[in-house]
Structures are given as structure tokens and as C-alpha cells.
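First comes the structure, then the notes that go with it.
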Amino acid sequence: MSLLEIHNLTKHFGGVKAVDGVSFAVDTGEIIGLIGPNGAGKTTCFNLISGLLPPTGGEVSLAGESLGTLAPYYRARRGLARTFQNIQLFSGMTVLENVLTGCHQRQEVGGFRALWPGTKVRRAEAHAEAQARELLELVGLAEKADFAADALAYGEQRRLEIARALAQEPQLLMLDEPAAGLNSRETEDLMTLLTQLRERGITLLIIEHDMTLIMGLCHRVVVLDHGQVIAVGPPGEIRRDPRVIEAYLGRED
Ligand SMILES: Nc1ncnc2c1ncn2[C@@H]1O[C@H](COP(=O)(O)OP(=O)(O)OP(=O)(O)O)[C@@H](O)[C@H]1O
Ligand SMILES: [Mg+2]
């Protein structure tokens, strides 16, 4: 069964059809690339899938259940996590604290009970911290756990954002241009990390302009242009598809 199913998803901003009848599915364990020229509607698709924007029409289902109008927080609890094209970290917090904000979504002893921290709360907190430190280790930031998040280099901030998303224990992780601004060495490290995540059973949906990453990692690629899917297939086929080449090179000639 597909993990994520998108059916006829549509988003209009006034006269702009940012997403225009998009349908595709992502199977459990797949790494899917979502590519297309600037303004094709990729980020808007992510905003619709994660519930940040209400769609004009269409439907998103996760593990066979329609997400309807569910708010982002509840989608996260069902196993959807994402990162942002423009990194969104809590700049006043440390690296570790940023990851913990992801863990807290899973903690069921917050709120009222946390005002009188008993054994259960303390145990949950210790568990969350151990989990956060393990994730920092995974993304190569263990030594910087106590640094201020905004003191990190750009590439490190990208990895921190991934660690925070992983703290939600997602089934599906959606990454919006994770390699943007990274040098080729950092991109290679990122590809290694993403391969490890897949080996841990996480399904990945990746928006990316870096074709080395897309071609090197993805099982299938979905290509958007002007809000519509113009091609779906394995990377080798996509690279030779005349419609895809035309979308990237422009139509003037
Ligand atoms: N909140 C908004 N209000 C109005 N128009 C929007 C809004 N968000 C996106 N758009 C428009 O929708 C279209 C798709 O934008 P989107 O950001 O989804 O593209 P993208 O494929 O992610 O592009 P890029 O590769 O540059 O990130 C663009 O024409 C954009 O200007
Ligand atoms: Mg975008």
C-alpha cells in the first residue's frame, strides 16, 4: 500500500494556479524526488501535504487515511515531518533544545502534570534527551549540543533541522531543498545521512534542484511544471524525458 497518496491536489492564489490537479503516490521505504523549475509549485505542495495551507481542492491520505483538514500538529503525530526551504530553527535556543522541541510532540506527560514533575515526567524528559542526543550524533552535531542554534554554520543548521524533524519519529520525512547552500562535500555527507534514514525505515520525499542528489538517491522522481505533474519515473528516464528537458530549458525556441 502507498504511504502517501495525493489525489488531484489544487491550490490557487488568486489567479495563480500554484498547484493544479497534482496526483502521485509514495510507497513505504521509497525515496521520491519532487523537482521542477522555480515557481513550479513544489513548496506549495509541501505546504498542502503538511497542512500549513488549506487546499483549493483535492485530497491527501497517509497510510490509507484521508488527512482532511487536520492541522499540522496532528499530521506530525500521524507521522509526517518536514523541513523548510528557508531554515526555521528556534534561534534563541541551543542545538539540543531545538531537537527536544521535536521530541515533546511525543511526550504525553506535558502540560498540567509538568507543573509538578514527578518520576514519570522526569523519566520522560530523560528519555527525550537521550533520544535527542542520539539524533545529534546521527547528524554529526553531538559535540555542538550546547551551542546556540544560530551560532552554527549554515550546513550544520540544515542538519539540525533534519534532527528536529526526526525527533517526531516520522514515517514520512519531507525535505525542502536540503542541499541548498551546501558545498559538494556537505552534499555528499547529506546523501549518506539520507541513505541511513532510509535504512532505518523512513520514507523520504525530497524537493531538490541538486541533480547529483536526485539522480544518486531517488527511486522515482516526480516532475512539476506550472503546478502540474509532467513526468513520473526512475531518474534515468526522467533525465532523458523531452518534456522535462523543455520545462527546464524554457519553451521560447
Ligand atoms: N502564499 C502565496 N501567495 C501567493 N502566491 C504564492 C504563495 N506561495 C506561492 N505562490 C506562488 O505559487 C507559485 C508556486 O510557488 P512555490 O513556492 O510552490 O514554487 P517552488 O516550485 O517551490 O519554487 P522554488 O524552486 O523557487 O522554490 C509561484 O508562482 C509563487 O509565486
Ligand atoms: Mg520552493
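Brief remarks on what is shown
- Relative contact order (%) - criterion: Cα under 8 Å, at least six apart; region: segment 70-212: 34
- Model label points for S184 and L52, set 7 angstrom from Cα along the Cα-to-Cβ axis, are 3.1 nm apart.
- Beta bridge orientation in the chain: antiparallel %, DSSP, nearest 5: 60
- Whole-Hz ³J(HN,Hα) from phi, Karplus 6.51 cos²θ - 1.76 cosθ + 1.60, for segment 31-37, glycine and proline x: 10, 10, x, 10, 10, x, x
- Within the same chain, lysines fewer than 8 places from K11 are excluded, and of the rest, those with a Cα less than 19 Å from its Cα are K42.
- Multiplying the residue separation of H12 and Q85 by 0.36 nm and removing their Cα-Cα distance gives an extension gain of 24.2 nm.
- Per-residue 3J(HN,Hα) values for segment 153-158, derived from phi via the Karplus relation 6.51 cos²θ - 1.76 cosθ + 1.60 with θ = phi - 60°, read 5, 3, x, 5, 4, 4 Hz in sequence order (x marks Gly and Pro).
- Relative packing of peptides 1-9, 219-227 - highest average C-beta neighbours within 10 Å first: 219-227, 1-9
- Contact order, relative form, for the chain: 27 percent (alpha carbon pairs under 8 Å, 6 or more residues apart, mean separation divided by residue count).
- Rg/Rg_globular for the chain, with Rg_globular taken as 2.2 N^0.38 Å and Rg from C-alpha atoms: 1.05
- Using θ = phi - 60° in the Karplus curve 6.51 cos²θ - 1.76 cosθ + 1.60, the 3J(HN,Hα) couplings for segment 205-217 round to 10, 10, 8, 7, 8, 6, 6, 4, 5, 4, 5, x, 10 Hz; x is entered for Gly and Pro.
- Over the chain: helical MRE at 222 nm, DSSP H runs n ≥ 4 each giving -39500 (n - 2.57), nearest 500: -11000 deg cm²/dmol
- Taking amide H as placed 1.01 Å from N in the peptide plane, the amide H of L4 sits under 5 Å from that of V26, A63, each at least 5 places away or on another chain.
- Computed on segment 1-57, the Cα convex hull volume stands at 81 Å³ per residue.
- Backbone N atoms of segment 4-26 closer than 13 Å to the 7 Å Cα→Cβ label point of E65 are not found in any residue.
- For T94, nonlocal amide neighbours, meaning residues 5 or more places apart or on other chains whose placed amide H falls under 5 Å from its own, are A149.
Bear in mind these aren't lab numbers, they're just calculated from the coordinates by the rules spelled out. Everything numeric here is computed off the predicted structure, so don't read it as measured data. Quick reminder, even Gly has a Cβ in these numbers, built from the backbone with ideal geometry, and neighbours come from all protein chains shown.
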